[in-house]
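**Q** Please read through the structure below; I'll follow up with questions.
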Amino acid sequence: MVSDEQVQQWADEAEAGYDVEEMKRRGRGRPGRGAEPMQVVAVRLTAEELAAVDAIAEREHISRSEAIRRALASFEA
């Protein structure tokens, strides 16, 4: 839930105006992982497979996606 104070803070910030140049410097969206555009691929996993991925990700302190990417990288020729 968003508090009334947070809404008021956002409203005050909007009324004061934004530094457009600063916003352009920050960029939009997630940072890229390389020069090529990324693609999202849906994969169906069993509960056990997903639990295994999550366990590895937690152990390695990485995201679920990164754990899957590392597993795929081990199969590269």
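**Q** Roll a 1.4 Å probe over the protein chains and send me the accessible area per residue for the chain in Å².
**A** 100 Å²
**Q** Using the Karplus curve 6.51 cos²θ - 1.76 cosθ + 1.60 with θ = phi - 60°, work out ³J(HN,Hα) for each residue of the range 11-17 in order, rounded to whole Hz, and write x for Gly and Pro.
**A** Going residue by residue, I get 5, 4, 5, 5, 5, 6, x Hz, with x marking Gly and Pro.
**Q** Now for a different question. Just to verify a number: FRET efficiency for ARG25 and THR46, C-beta to C-beta distance, R0 = 35 Å, to 0.05?
**A** Efficiency, rounded to the nearest 0.05: 0.20.
**Q** Sum up the charges of everything whose Cβ sits under 13 Å from the Cβ of GLN6, counting Lys and Arg as +1 and Asp and Glu as -1, but leave GLN6 out.
**A** -4
**Q** Expressed as a whole percentage, what fraction of the accessible surface of the chain belongs to carbon and sulfur atoms when a 1.4 Å probe is rolled over the protein heavy atoms?
**A** On the chain, the fraction of accessible area on carbon and sulfur atoms equals 54 percent.
**Q** So, one more: At 222 nm, what helix-only mean residue ellipticity would the chain give, in deg cm²/dmol to the nearest 500, using -39500 (n - 2.57) for each DSSP H run of four or more?
**A** Mean residue ellipticity at 222 nm (helix-derived): -17500 deg cm²/dmol.
**Q** Which order do the peptides 58-71, 8-21, 34-47 come out in when sorted by mean C-beta neighbours inside 10 angstrom, highest first?
**A** Ranking, from highest mean packing down: 58-71, 8-21, 34-47.
**Q** Can you figure out the FRET efficiency of MET38 with HIS61, using R₀ = 22 Å and their beta-carbon distance, to the nearest 0.05?
**A** 0.50
**Q** Run the dipole for the chain about the Cα centre, Lys and Arg Cβ at +1, Asp and Glu Cβ at -1, nothing else charged, and hand back the magnitude in debye, nearest 20.
**A** 580 debye
The values are calculated or read from the model by the stated rules, or taken from the named source; none is laboratory data. Computed from a prediction, not measured in an experiment: that's the story for all the values here. Cβ sites come from the backbone with ideal geometry, for glycine too, and all protein chains shown count toward neighbours. These area figures cover heavy atoms from the full protein model, side chains too; ligands, DNA and RNA do not enter into them. Shrake-Rupley method; radii C 1.70, N 1.55, O 1.52, S 1.80 Å.
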